[in-house]
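Here's the structure, in structure tokens; my notes come after.
The values are calculated or read from the model by the stated rules, or taken from the named source; none is laboratory data. Bear in mind the structure is a predicted one, so any value in this text is a computation, not a measurement. Note that each Cβ is placed from the backbone with ideal geometry, even for glycine, and that neighbours are counted across all protein chains shown. Surface accessibility is based on the protein's heavy atoms, side chains included, excluding ligands, DNA and RNA. Shrake-Rupley method; radii C 1.70, N 1.55, O 1.52, S 1.80 Å.
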Amino acid sequence: MKPKAITFDFWGTLFTEGQAFMEKVMPARYEILLDALSEAGHPAEEAEVREAYRQAALAFEEAWKAGEHMSVYDRVARIFALLGAPHDPGLIALTARRLEETSLLADLEALPGVAVLKDLAKKYPLALVSDTGVTPGRLIREHLKRRGLDVFQAYSFSDETGFVKPKPEAFLTALSALGVAPEEALHVGDLPQTDIKGAFGAGYPWAVQYVGLREVNGEVKPTAKVKDHRELLPLLT
């Protein structure tokens, strides 16, 4: 494989939330929602908030599978509606922002070989092509800075572009910013349905599946599979 640029997925490919993240972040998110509901004049029990949060997460998942991005604002609005709280756009927007910021309460867990990005960045233009949930692109950038891995020249986040993988636009947005044609690019991601199918659909000749966290099977087969990002180096020679 001799690409002129490499694009990467983020979640499940470079980083994962991990247990420590969940232990610190999730309680903070529930607390923010409890406070917001009280401010809305509609206090709720934590068990109710947890269930509404779960229902909203399921709605997000369904939207994502349908190729649509569901914003954190829409997620909070759904939680308010499920709990019978009044629709207050200002309070919902503020609550959404607070939920997003909880992402910075803990470090993400780096997946095997991620440090090789520094070496790859010396040889190739790199870009991120990532769908986002409660953690938006602006905070993913911050997590990368924290780890000294802000080595990407372009970003395509679904909360910023509105394009969800496997839509070609999600990939082409990043490649356009790099000034590289899809037939000159390689994509690395963990999900066959979004990363592998999406990259090939956008015109990439190569799509590598990262299986260091989990291995998901799909109908579209990758060019290669790696468990550690350092395994990319011999593939590129």
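Close contacts from the range 75-101, counting a first residue that is under 16 Å from A44 (Cβ atoms) and a second that is polar (S, T, N, Q) and open to solvent by 50 Å² or more (accessible area, probe 1.4 Å), with Cβ to Cβ under 7 Å and a gap of 6+ residues or different chains, come to L82/Q55. Restricting the range 19-42 to residues that are among the small types (G, A, S) and open to solvent by 20 Å² or more (accessible area, probe 1.4 Å) leaves a set whose member that is nearest to A154 (Cα to Cα) is A20. Here D107 fits the description: open to solvent by 10 Å² or more (accessible area, probe 1.4 Å), in a loop (DSSP other than H, G, I, E, B) and of a type outside the set (G, A, S).
Looking at the range 64-80 only, could you name the residues that are open to solvent by 70 Å² or more (accessible area, probe 1.4 Å) and among the hydrophobic types (A, V, I, L, M, F, W, C)? Matches in the range 64-80: A66 only. Scanning the range 33-84 for residues that are hydroxyl-bearing (S, T, Y) and either farther than 20 Å from S103 by Cα or in a helix (DSSP H, G or I) (or both) turns up S38, Y53, Y73. Among the residues of the range 2-18, the ones that are closer than 15 Å to L126 by Cβ, open to solvent by less than 50 Å² (accessible area, probe 1.4 Å) and part of a loop (DSSP other than H, G, I, E, B) come to 5 in all.
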